[in-house]
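Below is one structure, written out as structure tokens, with a few remarks after it.
The values are calculated or read from the model by the stated rules, or taken from the named source; none is laboratory data. As the structure is a prediction and not an experimental result, all values here were calculated from the model. We place every Cβ from the backbone using ideal geometry, glycine too, and count neighbours over all the protein chains shown. Keep in mind that these areas ignore ligands, DNA and RNA; they rest on the heavy atoms of the full protein, side chains included. Shrake-Rupley method; radii C 1.70, N 1.55, O 1.52, S 1.80 Å.
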Amino acid sequence: MSTALAEVHGRINDLDSHLQVAVSKWGEVFGEHTARVGAIFFGNKFFDDTEEPARDLTSIWQKKGSAAPGASTVEGRLATMDMMGIDRQLIFPQVVLAIPAWSDAPNAGAVLREYNDAVLHWTKAGKGRLRPTALLNMTTIEGAIAEAERVIAGGARAVFIQDGVAPGGFSPAAPEVDPLWSLLAKARVPVTFHIGGQQGFFGSDVWQNAELLKPGSFSTGEPVGPHMLATMHLSVQNYLTCMIFGGVFERHPELRVGVIELGATWVGPFVDFLEHRMDISGRIRSALSRRPTEIFIDQIRVTPFFFEKTARQIERYGMPEIYAFSTDFPHPEGGTDPIGAMAADIAPLGNEAVEGFFVGNAELLLPA
């Protein structure tokens, strides 16, 4: 049985969920270009199941994939959130849709636009509670800015970009990228990184090509393999290092960043490392008015996995403000009782920590 946490029920902010439409309906929901890229998954139980069970306290947490109650419709999602006790929710695409939209293939722009049009619909229909992330293709900065302007004008409240590729072929801290950061900061539209966006970071794809390292499948278990579990954070660490030490947050203090479904046990040691490296770099000390710890607290939020020991990280490294709750609905990595698992971990830190973790910390990315 899943846990209902009375003190925050109905006010919980969820920083990770997914819009998961059965792939056989992609043409109907998104458009013809998106339907073509999804055809390879036709008939796959996880991606193409349409037999949605009745919505109850068991099915909303235990049914995973495209047939989970509320996985693919605005009305269903809001009803599921009500039952879960969630007020606002950040929503990501399936990565199998995002990757072709981010590519340099001839149809990439059409797929991206079709998906983002659905994002604008969900944002408007969600009445402030649903915050789907619009995709930006960072192949060129000009193209990313043009689409960012379009979706912001249409009401989008967050964007999702890759962390495994250099934006437009530049460092994230290069002046060529500043107009994009400036646009997003002024609009108060958060930039988010999410698992799947790290593709391209490694110069070779062979690192996990060994029996114990490769992923399984959604049907057999461990779709995120041991190698990815241990390295998924490296790409975003690289990106954030560029942004922090390159002065992006200094120049754009209103820019907000979410690091989603990449775990959180790496964050404390990473920030500790940056603090030390700042101490030995006179150039960085003179260029930045805030320490890495302060930048994280002021402008970055991170979602732990339900099985991680977040309280232990807070006790060791501080920064309770940066960690925020997520369900990963309707994906199996979120577990079947994320509220209970994370509450059991955070509760010993006190009521203020529980309130921050489940409600307040996420408001940086989910402002009212």
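Inside segment 54-65, can you point out the residues that are touching a residue at least 60 places away in the same chain (Cβ under 8 Å) and open to solvent by 40 Å² or more (accessible area, probe 1.4 Å)?
Answer for segment 54-65, where residues must be touching a residue at least 60 places away in the same chain (Cβ under 8 Å) and open to solvent by 40 Å² or more (accessible area, probe 1.4 Å): Q62, K63, K64.
Within the set of pairs 6 or more residues apart or between chains, which connect a residue that is within 27 Å of R256 (Cα to Cα) inside segment 66-95 to a residue that is open to solvent by less than 10 Å² (accessible area, probe 1.4 Å) and in a helix (DSSP H, G or I) with Cβ atoms less than 7 Å apart?
Close Cβ pairs (under 7 Å, with a partner that is open to solvent by less than 10 Å² (accessible area, probe 1.4 Å) and in a helix (DSSP H, G or I)) amount to M84/I60; Q89/M81; P93/Y115.
Tell me the residue from E75, E51 that is open to solvent by 50 Å² or more (accessible area, probe 1.4 Å), assigned to a helix (DSSP H, G or I) and either among the charged types (D, E, K, R) or under 17 Å from E32 (Cα atoms) (or both), please.
After ruling out the rest, the residue left standing is E75.
If you check every pair at least six apart or on different chains, which have Cβ atoms under 7 Å apart with a residue in segment 117-146 that is under 18 Å from N13 (Cα atoms) first and a residue that is assigned to a helix (DSSP H, G or I) and of a type in the set (F, W, Y) second?
Taking only residues 6 or more apart or on different chains, the pairs are L130/W122; P132/W122.
Could you check how many residues of segment 84-112 are touching a Lys or Arg at 6+ places or on another chain (Cβ under 8 Å), crowded, with 18+ Cβ neighbours inside 10 Å and over 13 Å from A134 (Cα atoms)?
The qualifying residues number 4.
Could you grab me the full set of residues in segment 180-212 that are exposed (fewer than 14 other Cβ atoms within 10 Å of the Cβ) and without any contact (Cβ under 8 Å) to a residue 40 or more places away in the chain?
G203, S204, D205, V206, W207, N209, A210, E211, L212
Among the residues of segment 8-20, is any out of contact with any Leu (no Cβ under 7 Å at 6 or more places or on another chain), surrounded by fewer than 19 Cβ atoms within 10 Å (Cβ to Cβ), basic (K, R) and part of a loop (DSSP other than H, G, I, E, B)?
Scanning segment 8-20, I find at least one residue that is out of contact with any Leu (no Cβ under 7 Å at 6 or more places or on another chain), surrounded by fewer than 19 Cβ atoms within 10 Å (Cβ to Cβ), basic (K, R) and part of a loop (DSSP other than H, G, I, E, B), so the answer is yes.
Can you confirm whether segment 334-357 contains a residue that is over 28 Å from E275 (Cβ atoms), open to solvent by 30 Å² or more (accessible area, probe 1.4 Å) and either at pLDDT below 95 or in a loop (DSSP other than H, G, I, E, B) (or both)?
yes
Quick one: how many residues across segment 244-296 are assigned to a helix (DSSP H, G or I), farther than 26 Å from D14 by Cβ and among the polar types (S, T, N, Q)?
Residues flagged as assigned to a helix (DSSP H, G or I), farther than 26 Å from D14 by Cβ and among the polar types (S, T, N, Q) within segment 244-296 amount to 1.
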